[in-house]
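**Q** My questions all concern the structure below.
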């Protein structure tokens with residue numbers, strides 16, 4: 001397994017949890033959301049595998065940036081995973 005795969009799979013899992021488990025209301029179509037995120041994460045991990053063979057540490061660093069972006073940046077004006085977890089704790 002490539003070194004960039006771990007952060008990318010973690011980003012996909014966090015995205016899925018944020019849009020399904022941590023969502024305030026029930027997701028309208030759980031199967032579509034799960035399939036979309038799963039396929040996109042798998043394809044991205046495969047692309048980064050090849051990218052890592054070409055560029056090495058740059059691809060790994062970019063994968064970590066993707067993970068941090070997933071945790072800290074809002075998408076479609078919904079709370080970030082970090083905001084939702086902090087709301088659960090506080």
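Here, each number is a calculation from the coordinates, and none is a lab measurement. Quick caveat: nothing in here was measured; it's all calculated off a predicted structure. Cβ placement follows ideal geometry from the backbone for every residue including glycine, while neighbour counts extend to all protein chains displayed.
**Q** So which residues in the stretch 75-90 are within 19 Å of the chain's Cα centre (by Cα), more than 16 Å from residue 13 (Cβ to Cβ) and exposed (fewer than 14 other Cβ atoms within 10 Å of the Cβ)?
**A** 76, 77, 86
**Q** Would you mind finding the one in 1, 72, 68 that is touching a helix residue (DSSP H, G or I) at 6+ places or on another chain (Cβ under 7 Å) and surrounded by fewer than 14 Cβ atoms within 10 Å (Cβ to Cβ)?
**A** Answer to the check: 72.
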